[in-house]
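The values are calculated or read from the model by the stated rules, or taken from the named source; none is laboratory data. This is a predicted model, so every value here is computed, not measured. Methodologically, a virtual Cβ is constructed for each residue, glycine included, from the backbone with ideal geometry; neighbour enumeration extends over all protein chains shown.
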Amino acid sequence: MKLTPLENWIMDRTGIATKSRADLEAYQYNQLIQTLNYCKEKSLYYKKTLEHIDIDSIQSFKDFVKIPFTDSENIKKNALDFLCVSQSEVKRIITINTSGTSGDEKRIYFTEEDLNHTIDFFQYGMRCLSNESDRVLVLLPGKAYGSIGDLLRKALSLSHTQCIVHGVLTNLEEVTHLIQEYKISCIVGIPMQILYLSRLKSDVFQTYIKKVLLSTDYVPDILVKELRGRFHCDVYNHYGMSEMGYGGGVECEALHGYHLREGDLYFEIIDPQTGESVKDGEYGEVVFTTFHRQAIPLIRYRTGDIARFGADPCACGTFLKTMDKVSGRISNKVLLHNLGEVSLRDLDEAILQFEEVLDYKASIMDGDQLVIELTMSNLYEFENRKEEIIYCIYKRFYFPVHIKLKYQQDNRTPKITNSMIKRKLYDLRTN
């Protein structure tokens with residue numbers, strides 16, 4: 001099994017001479033202190049937040065937990081207060097819409113150097129799964145300068161790997177034609193869009209696609225199992241978000257969790273209720289701090305993602321940390337009045353096992369009614385599978401839940417999955 005390419009890259013990037021956790025953590029500690037000083041000097045937001053923090057008193061990682069958390073609401077209120085450079089130095093602005101409404105946005109800024117750091121990570125991260133013989137199709141935004149697709153194209157060119165950036169999946173036939181024309185062997189894309197493509201174009205998928213990298217959203221276990229079992233693909237998971245500079249970690253050939261971008265980011269796992277750190281192997285909320293970021297560095301940023309550090313070394317033999325695949329988002333769990341809990345993760349495993357299902361949207365309505373809009377090819381499939389799907393959903397829960405299924409016809413243009421907005425479980429109750 002090949003050692004993750006991230007190991008040598010991180011050693012070169014950090015300048016540590018030995019494969020030592022102690023040496024890497026000493027580097028990370030020094031970077032944390034530099035980040036704190038930089039933010040306190042340059043950022044209006046952190047100048048105020050860190051006003052009463054004596055940075056010289058931060059002598060260890062244990063001391064670092066004294067620093068307040070940052071969250072998405074802080075950025076939404078005024079992203080410019082986070083900005084540490086002049087606006088003329090900003091080369092890329094990402095507007096993140098988390099709900100589909102115009103008032104729920106946050107903006108992340110990048111300098112040219114920030115973007116180059118991401119290209120560097122993508123270059124070595126993609127080597128975990130691709131090489132010069134591959135032809136990579138990227139089903140992510142790529143037209144704009146500094147977009148994720150643009151950076152992936154530049155990164156793969158450095159490895160002499162052919163890359164076609166198409167953008168998110170909106171035209172199934174067009175993407176199918178690209179796969180056949182260029183003999184695509186590897187796809188990078190949004191999990192639910194890859195599921196949609198593989199189920200509607202299974203013959204093409206099985207003929208050409210050997211490797212898949214799933215990114216930008218939570219990855220259902222049932223999807224990974226299907227791609228590996230039905231199509232014999234190697235399925236890699238990437239963890240990242242715009243706030244991280246797109247990339248945070250990627251799986252190696254062991255396919256057992258992400259190796260993290262430890263030369264550029266410091267990760268913590270905390271109890272989301274208490275804010276206290278949890279032990280390796282215990283689930284909690286992912287928190288990160290950036291190193292080297294010029295435009296908007298972030299300190300102890302709460303992601304809302306649930307994951308855990310691996311308790312055992314990776315089978316590839318690296319000394320780097322491993323984080324298990326994100327198991328969902330805190331916001332995608334809804335507590336019902338009968339004290340039962342519904343999660344998007346459980347719904348995924350119950351619903352997506354049916355190959356006729358191409359997508360779905362789930363909402364909790366008044367009376368704790370669970371309404372699920374299923375995207376399927378035709379009404380006959382819906383009626384034929386309806387009762388079985390309801391039964392499988394019931395089996396995922398230990399409490400009674402009122403389920404209503406709705407049919408949404410597929411018109412070969414993905415409606416629910418054709419944007420970068422993360423999927424969510426909608427709580428639409430008014431009481």
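Here Y398 meets each of (1) more than 30 Å from G167 (Cα to Cα); (2) hydroxyl-bearing (S, T, Y); (3) at pLDDT 90 or above with one exception, condition (3). Evaluated against (1) surrounded by fewer than 16 Cβ atoms within 10 Å (Cβ to Cβ); (2) of a type in the set (G, A, S); (3) in contact (Cβ under 8 Å) with a residue 12 or more places away in the chain, S86 falls short on exactly one condition, (3).
Listed by position, the strands (runs of 3 or more DSSP E) contained in region 350-411 that have at least 2 residues being among the basic types (K, R), loosely packed, with under 14 Cβ neighbours inside 10 Å and out of contact with any Cys (no Cβ under 6 Å at 6 or more places or on another chain) are 402-409.
Test I119 against the criterion of being part of a strand (DSSP E or B), β-branched (V, I, T), modelled with pLDDT of 95 or more and crowded, with 20+ Cβ neighbours inside 10 Å, and give yes or no. Answer is no for this residue. Just checking, does region 213-233 include any residue being under 21 Å from F64 (Cα atoms) and either in the same structural domain as L344 (by TED's automatic domain parsing) or not in a loop (DSSP other than H, G, I, E, B) (or both)? Among the residues of region 213-233, not one is under 21 Å from F64 (Cα atoms) and either in the same structural domain as L344 (by TED's automatic domain parsing) or not in a loop (DSSP other than H, G, I, E, B) (or both), which makes the answer no.
Taking the criterion of being aliphatic (A, V, I, L, M) and surrounded by 19 or more Cβ atoms within 10 Å (Cβ to Cβ), the residues of region 216-240 that qualify are V219, L223, V224, L227, V235.
A quick yes/no check of all residues on (1) more than 24 Å from Y29 (Cβ to Cβ); (2) polar (S, T, N, Q); (3) under 19 Å from the mean Cα position of the chain (by Cα):
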| position | (1), (2), (3) |
| --- | --- |
| V278 | no, no, no |
| V286 | no, no, yes |
| T290 | no, yes, yes |
| Q294 | no, yes, no |
| L298 | no, no, yes |
| I306 | yes, no, yes |
| G317 | yes, no, no |
| G328 | yes, no, yes |
| V334 | yes, no, no |
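The residues of region 170-198 that are touching a residue at least 60 places away in the same chain (Cβ under 8 Å) and touching a Ser or Thr at 6+ places or on another chain (Cβ under 7 Å), listed by number, are T170, I190, M192, Q193, Y196. Contact map, region 30-59: residues that are under 12 Å from L298 (Cα atoms) paired with residues that are modelled with pLDDT of 95 or more and among the polar types (S, T, N, Q), Cβ distance under 7 Å, separation 6+ or inter-chain. Pairs shown: L32/T289; T35/T289; T35/T290; Y45/N74. Only a single criterion out of (1) on the phi < 0 side of the Ramachandran plot; (2) under 18 Å from the mean Cα position of the chain (by Cα); (3) not in a helix (DSSP H, G or I) is not satisfied by G167, namely (1). Please tell me if K76 is surrounded by 17 or more Cβ atoms within 10 Å (Cβ to Cβ) and not β-branched (V, I, T). No; evaluated as a whole, the condition is false for this residue. Selection over region 262-290 of residues that are among the hydrophobic types (A, V, I, L, M, F, W, C) and over 19 Å from D120 (Cβ atoms) gives a count of 5.
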